[in-house]
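To start, the structure itself, in structure tokens.
The values are calculated or read from the model by the stated rules, or taken from the named source; none is laboratory data. The structure presented is a predicted model; accordingly, all values stated were derived computationally and were not measured. Using ideal geometry, Cβ is built from the backbone for each residue, glycine included, and neighbour counts are taken over all protein chains shown.
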Amino acid sequence: MVPVTDRIAEPWGTRTPFGPGEEWPVRVDTQLAEGVSEPDVERWVPTTSLLHSNGDAMDVAVGAGRILGVRGRPGDRVNRGRLGPKDLFGWQANAAPDRLTRPLVREAGRLTETDWPSAMERIVDRSQHLLTECGPGSIGFYTTGQLFLEEYYTLAVIARAGIGTNHLDGNTRMCTSTAAEALKQSFGSDGQPGSYSDLDHADTLALFGHNMAETQPVLWMRILDRLAGRQPPKLVCVDPRPTPSARRATVHLAPRAGTNVALMNALLHEIIRTGRIDAEYVRAHTTGFDELRQRLAECTPHWASDICDVPAESIREAAEILGTARRLVSTVLQGFYQSHQATAAAVQVNNLHLVRGMIGQPGAGVLQMNGQPTAQNTRECGANGDLPGFRNWQNDDHVAELARVWNVDPATIPHFAPPTHAMQMFRYAEQGSLRMLWISGTNPAVSLPELTRIRAILRDEGLFTVVQDIFLTETAQLADVVLPAATWAEKTGTCTNADRTVHLSEKAIEPPGQARADLDIFLDYARRMKFRDRGGGTLVSWHDPESAFEAWKECSAGRPCDYTGFTYERLRQAGGIQWPCTVSTPGGTERLYTEGFTWADAALCESYGKDVVTGAASSRTEYQGANPQGKAMIKAAEYLPPHEAPSAEYPLQLITGRTLYHFHTRTKTGRVPQLNAAAPDVWIELSPVEAARYGLEEGDMVEVATPRGSLRGRLRITRIRDGMLFVPFHYGYWDTPTGSGPAEDEGGRAANETIVTDWDPVSKQPVFKTAAARLSLVERGLGRSAPAPSTAASAPAHPAPPDATTGVRGPEPGRVPDRPRSEGDPRDGDAE
């Protein structure tokens, strides 16, 4: 009999140990609704997770037209049957009673229900008016990292070739734009060099600002199983918080916020000083090493220790491990991406692999991770600050090639300047030049920095806002038109995860009421706008997901993300397959750059590069002069102090981040009883030393203030580094997903009330992790505990007040809609 495990209390389940080079054993995780058993399931529909970027393959249980639960798919390369807590329980959000089911339009200041033709005509009328009166630059599109490839591509064609606007970006700007930029700067093009399977072969793992246990729990399960097996890998972790990886690390480095470049420079200094480089590989495949060596000459561990407040001996020990690794895998995420000098720091991780020759081999690769499930699709399809197919907006040949695919004049596709990034789009809206903003599947009224400013922009009567979502989010409440969308399991499309694995997600049930798939909404808009190609034909000629996918395949042909070998039927049969996938490589491509860096050639590259410190762009002439042979580029970066430093008035550093049980602004997970109960409200983390200094105790209500704003929450005392505060960013301004918040001057609970409007000069990703802050007591907790999980990084420093996080605790009253809870938990064990 397979034992039952509480997967809220034990989020990573039971261990299935394995050794280097062995196949990761199967373990099938299943969760069914209360009172449901497998005989009640009429069919299992294949899909993939939409609540993180790992790409876990699963099947949806369907009966009587509704979702009854999920199970992991045992044969899939990504998860081998495993599911994380959000996978296991998140499906319940589909049936939340407050789903949007009809379009809404603003009349006399209030949102009222209407029909689809009326809502769409209102959008079309405003679009056509603005195109006539103000031009294409008056219209912008801000999308998500949670749609399907087919939807992103359709949106990109509409925006770039239909409207002709340069204003198209995704909320992937908040979480993954640095990943894309770091890959371009080092290798000439986006696309992860490594593969998840490299974890099976590595003898050393390094996590740079990546809280993997909470953001990619199934990938962490893979590492846990390696650590439990024979010849476990060594683990280096860079994180200021006591994450599970930090607690299991051979060396844990906890630097001050904003000092990642200094730390990386010291690690590289030691590796070069001790001669632990692959000189032959560096000569054959890279350019820029001599400048790196010169720049790092004085970047000793002692120098970095003073800046980072990390012991010099610990830096030397980490460098020893990284420098002697025979097979090294590094992962990077928000601790680097959302901090000061984001791209410069991420590029130094690439440099580490290049100087050691650790690219393109089993167990040797880098994963510049994504924060959202389909962030990779946003980038490849051009629904962010890129052109589709990883084409270079500065390369006229690339623009002409794209114009041929779309059968439009190249001048139609805006390429007079870089595509507009999200933060600049909101600035244009604030200034009044951007007059219409279509927001799909994202909640900027919670997720963007300096929320008072963002709310003011969205409220401005001069901005016509369309919101396309599944719930009436904080952002939707401010819209002029709200379109009810279908979500995961209610539509069909493809998803590509962080290691380039493509899955087909099939429609399992009908969406509620009049909700429509995002693809159908975009196609309806294109038809009503009568977009035409230069021959007078229909610009957007496809009509369903599969025909949209076939159109995308033509666009991807010959580019790094070549999809021409994929078909829906092939994905149904094989499960996850990694791109590039062509007719000659139908099984996909496990690793990139096994034989050099083809896409770094000036005629092929996605970018001519930038200065990784200033963001200054290079021309084609400059790029070709610096890299005439099309090699990987080693780029040095000097350390610069953060723009905002602690002071007498604001003595602490504030960082924001994620928790295991929620996804982004809790639009879905806040409506799931088990997930919400595990982390029902915002909390503030502080170290024991700082708590004693301020005379604070676990559960005290405290206020965090910065020069921008403030928030309140209960205190959790953890092993976070001294001098630092942590606040999870998931919690919106409202007290509940369906409620209303306090008056703005009373202090809310959204972390981003406090965050400065600042971004990395290279990737344009906002800086969420270097704010200067102060802390004050609001009221004593009187024995109460913080509403923080007792698992993972938010575990209390002392085993005192908080109740353990379990899956048997019910939702707090009023926190989520009343939904049936799953009794018990998924069954873990080896599937035979």
query: Which of the residues belonging to the range 441-464 are hydroxyl-bearing (Ser, Thr, Tyr) and within 30 Å of Leu149 (Cα to Cα)?
result: Thr442, Ser447
- prompt: Somewhere in the range 637-655, is a residue in contact with a helix residue (DSSP H, G or I) (Cβ under 6 Å, 6 or more places away or on another chain), of a type outside the set (Val, Ile, Thr) and either over 27 Å from Gly723 (Cα atoms) or touching a residue at least 40 places away in the same chain (Cβ under 8 Å) (or both)?
  reply: yes
query: Can you pull out the residues in the range 201-221 that are over 15 Å from the mean Cα position of the chain (by Cα) and either at pLDDT below 95 or of a type outside the set (A, V, I, L, M, F, W, C) (or both)?
result: His201, Asp203, Thr204
task: Could you look through the range 16-42, keep only residues that are under 18 Å from Phe89 (Cα atoms) and charged (D, E, K, R), and pick out the one that is nearest to the chain's Cα centre (by Cα)?
output: Asp29
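For every residue, the table says whether it meets (1) part of a loop (DSSP other than H, G, I, E, B); (2) surrounded by fewer than 20 Cβ atoms within 10 Å (Cβ to Cβ); (3) modelled with pLDDT of 95 or more.
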{"position": "Phe566", "(1), (2), (3)": "yes, no, yes"}
{"position": "Arg572", "(1), (2), (3)": "no, yes, yes"}
{"position": "Pro580", "(1), (2), (3)": "yes, no, yes"}
{"position": "Ala603", "(1), (2), (3)": "yes, yes, yes"}
{"position": "Glu606", "(1), (2), (3)": "yes, no, yes"}
Matching residues in the range 1-42 - criterion: being of a type in the set (Lys, Arg) and farther than 23 Å from Lys668 by Cβ: Arg15, Arg27
task: Could you list, in sequence order, all residues of the range 299-342 that are assigned to a loop (DSSP other than H, G, I, E, B) and either crowded, with 17+ Cβ neighbours inside 10 Å or touching a His at 6+ places or on another chain (Cβ under 8 Å) (or both)?
output: Cys299, Thr300, Val310, Ala325, Arg327, Leu333, Gln338, Ser339, His340, Gln341
- prompt: Consider Gly625 against the criteria (1) in the same structural domain as Glu280 (by TED's automatic domain parsing); (2) crowded, with 20+ Cβ neighbours inside 10 Å: it satisfies all of them except one. Which criterion is unmet?
  reply: (2)
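When the residues of the range 788-818 are narrowed to those that are over 21 Å from Pro217 (Cα atoms) and either of a type in the set (Gly, Ala, Ser) or at pLDDT 95 or above (or both), which ends up surrounded by the most Cβ atoms within 10 Å (Cβ to Cβ)?
Ala797
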query: Quick check: anything in the range 100-117 among the polar types (S, T, N, Q), part of a helix (DSSP H, G or I) and more than 21 Å from Trp406 (Cα to Cα)?
result: no
query: Does Val399 qualify as being in contact with a His (Cβ under 9 Å, 6 or more places away or on another chain), assigned by TED's automatic domain parsing to the domain that holds Thr473, crowded, with 23+ Cβ neighbours inside 10 Å and part of a helix (DSSP H, G or I)?
result: no
message: Out of everything in the range 599-652 that is hydroxyl-bearing (Ser, Thr, Tyr) and over 27 Å from the mean Cα position of the chain (by Cα), what residue ends up being farthest from Tyr694 (Cα to Cα)?
response: Thr621
- request: Check whether at least one residue in the range 363-376 is touching a Pro at 6+ places or on another chain (Cβ under 7 Å) and closer than 30 Å to Leu267 by Cα, and report yes or no.
  value: yes
field: Pairs where the first residue, in the range 125-145, is under 18 Å from Lys530 (Cα atoms) and in the same structural domain as Arg527 (by TED's automatic domain parsing) and the second is of a type in the set (D, E, K, R) and buried (at least 19 other Cβ atoms within 10 Å of the Cβ), C-beta under 7 Å, 6+ apart
entry: Leu130/Arg435
task: Only residues that are of a type in the set (A, V, I, L, M) and either outside the structural domain of Ala705 (by TED's automatic domain parsing) or in contact with a helix residue (DSSP H, G or I) (Cβ under 8 Å, 6 or more places away or on another chain) (or both): list them for the range 656-678, please.
output: Leu660, Val672, Leu675, Ala678
query: List the pairs whose first member sits in the range 708-725 and is surrounded by fewer than 19 Cβ atoms within 10 Å (Cβ to Cβ), whose second member is outside any loop (DSSP other than H, G, I, E, B) and of a type in the set (Asp, Glu), and whose Cβ atoms are under 9 Å apart, counting only residues at least 6 apart or on separate chains?
result: Arg708/Glu753; Ser710/Glu703; Ser710/Glu753; Asp722/Glu690; Gly723/Glu690
message: Among the residues of the range 409-421, are any more than 22 Å from Gly162 (Cβ to Cβ), modelled with pLDDT of 95 or more and either surrounded by 23 or more Cβ atoms within 10 Å (Cβ to Cβ) or of a type in the set (Asp, Glu) (or both)?
response: no
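Each row is one residue, and each column tells you yes or no for (1) farther than 19 Å from His798 by Cα; (2) of a type outside the set (Ser, Thr, Tyr); (3) assigned to a loop (DSSP other than H, G, I, E, B); (4) modelled with pLDDT under 95.
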position: Leu660; (1), (2), (3), (4): yes, yes, yes, no
position: Ala691; (1), (2), (3), (4): no, yes, no, no
position: Arg716; (1), (2), (3), (4): no, yes, no, no
position: Arg719; (1), (2), (3), (4): no, yes, yes, no
position: Thr736; (1), (2), (3), (4): yes, no, yes, yes
task: Count, please, the residues in the range 626-658 that happen to be of a type in the set (Val, Ile, Thr) and assigned to a loop (DSSP other than H, G, I, E, B).
output: 1
task: Give, as residue ranges, the helices (runs of 4 or more DSSP H) completely inside the range 147-235 that count at least 3 residues that are outside the structural domain of Ala526 (by TED's automatic domain parsing) and not basic (Lys, Arg).
output: 177-187, 212-215, 217-228
message: Residues to consider are Leu207, Leu199, Leu183, Leu267; find the one that is touching a Ser or Thr at 6+ places or on another chain (Cβ under 6 Å) and of a type in the set (A, V, I, L, M).
response: Leu207
message: Can you say whether Ala476 is in contact with an Asp or Glu (Cβ under 6 Å, 6 or more places away or on another chain) and either on the phi < 0 side of the Ramachandran plot or of a type in the set (Phe, Trp, Tyr) (or both), as far as the supplied structure shows?
response: yes
message: Can you find a residue that is surrounded by fewer than 20 Cβ atoms within 10 Å (Cβ to Cβ) and more than 19 Å from Tyr525 (Cβ to Cβ) anywhere in the range 433-448?
response: yes
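How many residues are among the hydrophobic types (A, V, I, L, M, F, W, C), under 26 Å from Trp759 (Cβ atoms) and touching a helix residue (DSSP H, G or I) at 6+ places or on another chain (Cβ under 8 Å) when one looks only at the range 601-631?
3
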